[in-house]
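> Here's a structure for you.
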Amino acid sequence: MVANQKSDVEVQVTHIVGDSFVSASRNEGEKPIPLVLGDKFKRTSPFAILVAKGSYAEMTLQTEAILRIGQQSVIEFRNPNHLRIFNGSALLLLSKQQSLNLETNGTKIQLTGRGTFMFESPKGKNLKIIMLEGKALLSSAKAKQSLQAGELVLVQAGNPDSGQTINVDLPLLLATSRLINNFSAPLPSQSKLISAAKVQAVRLKKRYEALIGNTNDQNQLRLWALRKEERQLKE
């Protein structure tokens, strides 16, 4: 990974719910400045975006990426392509192929790809990455790992490996995620998100039918039970 260097980061605020702020990361004398819808500013890194409880923020970056930040989150910009997650969750839409460094207290991952993904680190240590649509390659100190739509990777603090891949329920996630549904306008990748969810649903349906054989009344009950069991495991 490339060593971090100070650089200017351009941000335009495109959606605000509640209270969000921008703050210098290492200047305790500077008070956080409230973000206002339509704000467009350039700051020298590092600086942080702070989002309060019950609040959400969306912004576009100079890289043409769209960043949505969830409630009770603190995310620091080390440069336009390097984010440190101190706490909370976010959604990032990369409309074109690019590389992004993600960091917490104990993890460092480079993500190279295009698409829409979420990342979360409730305590700023372990890092959870979910690919919603598109494809990406995750690179850590000792491992590389591909990531496709509907896959989640949990990167544990202090572990140089990327982590185990787990399948998530995309239709359920898209229907319930506040980072997708708590904003006035849909993401530009909305149609791709729906397509990815449909593809996963068809793939899982075929998997279930392959397991149970022909679909009579008894098998329909078995299919329902399998789906229920899988949902419980994910919970």
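> From the residues in segment 126-160 that are outside any strand (DSSP E or B) and touching a Lys or Arg at 6+ places or on another chain (Cβ under 6 Å), which one is surrounded by the fewest Cβ atoms within 10 Å (Cβ to Cβ)?
Taking the candidates together, the pick is Pro160.
> Applying the selection to segment 175-203, what residues are crowded, with 18+ Cβ neighbours inside 10 Å, under 22 Å from Gln72 (Cα atoms) and in contact with a helix residue (DSSP H, G or I) (Cβ under 9 Å, 6 or more places away or on another chain)?
Ile180, Leu187
> Within segment 27-78, take every residue that is of a type in the set (Phe, Trp, Tyr) and surrounded by 15 or more Cβ atoms within 10 Å (Cβ to Cβ) and give me the one that is nearest to Gln98 (Cα to Cα).
Of everything passing the filter in segment 27-78, Phe77 is nearest to Gln98 (Cα to Cα).
> Among Leu83, Leu93, Leu61, which is in contact (Cβ under 8 Å) with a residue 60 or more places away in the chain and in contact with a Leu (Cβ under 7 Å, 6 or more places away or on another chain)?
Leu93 is the lone residue from the list that is in contact (Cβ under 8 Å) with a residue 60 or more places away in the chain and in contact with a Leu (Cβ under 7 Å, 6 or more places away or on another chain).
Rule-based calculations on the coordinates, nothing more; no lab input. Note that the structure is a prediction, hence the values are computed from the model and not measured. A quick note on method: Cβ atoms are made from the backbone with ideal geometry, for glycine too, and the neighbour counts reach across all protein chains shown.
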